[in-house]
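The values are calculated or read from the model by the stated rules, or taken from the named source; none is laboratory data. Quick caveat: nothing in here was measured; it's all calculated off a predicted structure. Cβ coordinates were reconstructed from backbone atoms using ideal geometry, including for glycine residues, and neighbour counts include every protein chain displayed. Ligands, DNA and RNA are excluded from the accessible area calculation, which covers all protein heavy atoms including side chains. Shrake-Rupley method; radii C 1.70, N 1.55, O 1.52, S 1.80 Å.
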Amino acid sequence: MAREFTVVVEQGEKYLIGTVIGLHGAHSQGATLDELLANMREVIALCFEEEESAGASNTCILRAYVGLRRAVHLRRRLCPCMIPP
């Protein structure tokens with residue numbers, strides 16, 4: 001039985017970074033989107049293989065996906081880290 005997972009993809013400094021929503025600890029990176037998704041499939045498979053071989057049910061912690069929300073920060077003054085040198 002195939003399971004589908006949602007991967008959040010972010011641009012890092014050099015590579016794309018992926019995180020599986022709802023699967024604690026499932027992260028990877030890749031130079032291209034195809035490479036990242038291949039790496040993510042491997043991470044997911046390894047996670048469930050470890051769970052089966054260990055006979056444990058807590059290796060892959062599946063969490064219920066609630067959703068994404070936007071949080072707005074009203075900046076009143078510049079943070080010292082944002083002031084140009």
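Of note:
- Averaged over residues, the count of other Cβ atoms within 10 Å places the peptides 17-25, 30-38, 64-72 in the sequence 17-25, 30-38, 64-72, highest first.
- Volume per residue of the C-alpha convex hull in the range 1-45, rounded to whole Å³: 66 Å³
- Environment charge at LEU16 (Cβ cut-off 13 Å; Lys +1, Arg +1, Asp -1, Glu -1): -3
- Estimated FRET transfer efficiency when R0 is 22 angstrom, pair LEU37-LYS14 (beta carbons, to 0.05): 0.80
- Each residue of the range 39-48 was assigned a 3J(HN,Hα) from its phi angle through the Karplus expression (A = 6.51, B = -1.76, C = 1.60, θ = phi - 60°), giving 5, 5, 4, 5, 4, 5, 4, 4, 4, 6 Hz with x at Gly and Pro.
- Other-chain or far-sequence residues with amide H under 5 Å of ALA26's (modelled H): VAL20
- Heavy-atom accessible area with a 1.4 Å probe sorts PHE48, PHE5, largest first, into PHE5, PHE48.
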